[in-house]
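Chemist: Below are the structure tokens for one structure; questions will follow.
The values are calculated or read from the model by the stated rules, or taken from the named source; none is laboratory data. These figures come from a predicted structure and were not determined experimentally. Cβ placement follows ideal geometry from the backbone for every residue including glycine, while neighbour counts extend to all protein chains displayed. Areas reflect the complete protein model, heavy atoms only, side chains present, ligands, DNA and RNA absent. Shrake-Rupley method; radii C 1.70, N 1.55, O 1.52, S 1.80 Å.
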Amino acid sequence: MYVPEGIDKILFTKEQIHLRTRELGEQLAHDYAGKVPLFLCVLRGASVFFTDLIRSCEMPLTIDFIRTKSYVGTESSGKVEVDMAETESFEGKDLIIVEDICDTGRSLTAVCNAIREMNPKSLKTVCLCDKPSRRVVDFQPDYTGFVIDDLFVVGYGFDVDEHFRNLPYIGVFKT
């Protein structure tokens, strides 16, 4: 298995991620039975998880994408930019925001606040990883894959300056 320079250890294997993603997909399919939710991917980090998650949801659904930016290298800037310029209308829709990680909570709070202004029917969040020890705002994801300690993770979509996203596992980056 390829483990590049800078990775301290593997936190979750591709098998563990696959199993947990399937479990989340099954839970979402159950919770949204009879509905056609819109899954909203927060680019770029959530793209790998998003793709596997929607394939695990045996139900009708639609998809869309938004962008946020709050990190420079391994540090959060504290400022969240949300770009929904190319999205469709969310009014009256059941939305499920798919994010890679809930860290400080700022990004998901900003995204949820922006989306609530568009009058969705319902709004839920699903995060592959949750890092509650870093929370600086009161935010709790509705669905979580893994709760992790205060570690900087890479792989499976997580990056450092756009590197490591392609790793099939989640590893701890040496900071």
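Chemist: If you rank MET1, MET118 by how much accessible surface each has, with a 1.4 Å probe, what is the order from largest down?
Modeler: Per-residue accessible area, sorted high to low, gives MET1, MET118.
Chemist: Separate question: Which whole-number percentage describes the relative contact order of the chain, with Cα contacts under 8 Å and a sequence gap of 6 or more?
Modeler: 25
Chemist: Under 5 Å between amide H atoms, partner at least 5 residues away or on a different chain: which partners does CYS102 have, H built in plane at 1.01 Å?
Modeler: CYS129, ASP130, LYS131
Chemist: Find the Cα radius of gyration of the chain, compare it with 2.2 N^0.38 Å by division, and give the number to two decimals.
Modeler: Here the answer is 0.99, to two decimals.
Chemist: Another question, then. Using alpha carbons only, how many degrees (0 to 90, rounded to 10) separate the axis of helix 47-56 from the longest principal axis of the chain?
Modeler: Around 60 degrees separate the two axes.
Chemist: Can you list residues from other chains, or at least 5 along the same chain, whose modelled amide H is less than 5 Å from the amide H of LYS69?
Modeler: Those lying under 5 Å, H to H, from LYS69 are GLU81.
Chemist: Run lengths n ≥ 4 of DSSP H only: what is the helix-derived mean residue ellipticity at 222 nm for the chain, with -39500 (n - 2.57) per run over all residues, to the nearest 500?
Modeler: About -7000 deg cm²/dmol.
Chemist: In addition: Run the quick spin-label model on GLU81 and ARG116: label points 7 Å from Cα toward the beta carbon, then report their separation in nm to one decimal.
Modeler: It is 2.5 nm.
Chemist: Compute the distance in nm between two label points, each set 7 Å from the Cα along the Cα-to-Cβ direction, one at ILE10 and one at ASP138.
Modeler: 4.1
Chemist: Another question about this same structure. Please give the helix 14-31 orientation as an angle from the longest Cα principal axis of the chain, in degrees from 0 to 90, rounded to the nearest 10.
Modeler: Orientation of helix 14-31: about 10 degrees from the principal axis.
Chemist: Taking a threshold of 29 Å on the Cα-Cα distance, which of the pairs LYS9/LYS35; LYS131/LYS174; LYS35/LYS69; LYS14/LYS93 fall above it?
Modeler: The answer is LYS9/LYS35; LYS35/LYS69; LYS14/LYS93.
Chemist: Another question, then. Largest first, how would ARG55, ARG165, ARG106, ARG22 line up by accessible area (1.4 Å probe)?
Modeler: Putting ARG55, ARG165, ARG106, ARG22 in descending order of accessible area: ARG55, ARG22, ARG106, ARG165.
Chemist: Could you work out how far helix 106-116 tilts from the main Cα principal axis of the chain, as a 0 to 90 degree angle to the nearest 10?
Modeler: Helix 106-116 and the main axis of the chain meet at about 10 degrees.
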